[in-house]
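Since the structure comes first, as structure tokens, the remarks are kept for the end.
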Amino acid sequence: MKTTINIFLSITTFLISILLFSSCASNELDKKEATALISKIPNEIVKGKIRINLQHDNYDQQRNLNSFNTYYGHLVNRGILTNPEFFEVRKPGEPIISRITTAFTDSAKVLLLGSDYSSYSVKCGELKFVEVVGVFQEDNSKAAEIEYKVAFIPTMFADFATMQPKYKNGITYSKKLVAKKYDDGWKLEN
């Protein structure tokens, strides 16, 4: 009988300690949970600007072609612009004008975000989550700062467009976000 009571008391004490421990659960955000939070964020799009005049006029066809190749030949070689097309423009009483036109390739068109005359907003790449570096949190605080690394994944425009800041392929960059603890768990703040 005494053994049964002792076992009962031991089990009761054990259950009470579990209840007390779980009700006083830690507000600490660990690296694993921080990684799960950051992983849900979509990749950040890196935008840039590029100036391209898709039409060139000159009275001398060879000079026009040389000018085009000087300014835009590398964009044709990288698959951003189509090969140029030549036209002759004739207006009564004026010399014949050589016109070169080009266009964005289909693979470049999907990266265009907008335009303003000959200035184009383009997708230069994305910042992709790599890892959580650290979680900084005051004792028993319901807020934590998460430091994490992202890698720049470039598009075909990355080398030619003006980006601020200028990201480079193969380099990781540090970023920080704040997370707060709510009744239903940790959430990232904007």
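Key figures
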{"read-out": "Tally of residues being closer than 26 Å to HIS56 by Cβ, free of Cβ contacts under 8 Å to residues at least 40 places away in the same chain and assigned to a strand (DSSP E or B) across the stretch 105-148", "value": "4"}
{"read-out": "Test: residue in the stretch 154-167 that is part of a loop (DSSP other than H, G, I, E, B), under 30 Å from ASP30 (Cα atoms) and within 15 Å of the chain's Cα centre (by Cα)", "value": "yes"}
{"read-out": "Out of ARG63, ARG78, ARG51, sole residue that is of a type in the set (D, E, K, R), open to solvent by 40 Å² or more (accessible area, probe 1.4 Å), over 17 Å from SER118 (Cα atoms) and in contact with a Phe, Trp or Tyr (Cβ under 9 Å, 6 or more places away or on another chain)", "value": "ARG78"}
{"read-out": "In the stretch 141-175, the residues that are farther than 30 Å from TYR120 by Cα and open to solvent by 50 Å² or more (accessible area, probe 1.4 Å)", "value": "LYS142, GLU145"}
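Residue-by-condition table, conditions (1) at pLDDT below 85; (2) of a type outside the set (S, T, N, Q):
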{"residue": "ASN66", "(1), (2)": "yes, no"}
{"residue": "HIS74", "(1), (2)": "no, yes"}
{"residue": "ARG78", "(1), (2)": "no, yes"}
{"residue": "LYS91", "(1), (2)": "yes, yes"}
{"residue": "SER107", "(1), (2)": "no, no"}
{"residue": "SER115", "(1), (2)": "no, no"}
{"residue": "CYS124", "(1), (2)": "no, yes"}
{"residue": "LEU127", "(1), (2)": "no, yes"}
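The values are calculated or read from the model by the stated rules, or taken from the named source; none is laboratory data. The structure presented is a predicted model; accordingly, all values stated were derived computationally and were not measured. Here the Cβ is made from the backbone with ideal geometry for all residues, glycine too, and neighbour counts use every protein chain on show. With ligands, DNA and RNA removed, areas are computed over all heavy atoms of the protein, side chains included. Shrake-Rupley method; radii C 1.70, N 1.55, O 1.52, S 1.80 Å.
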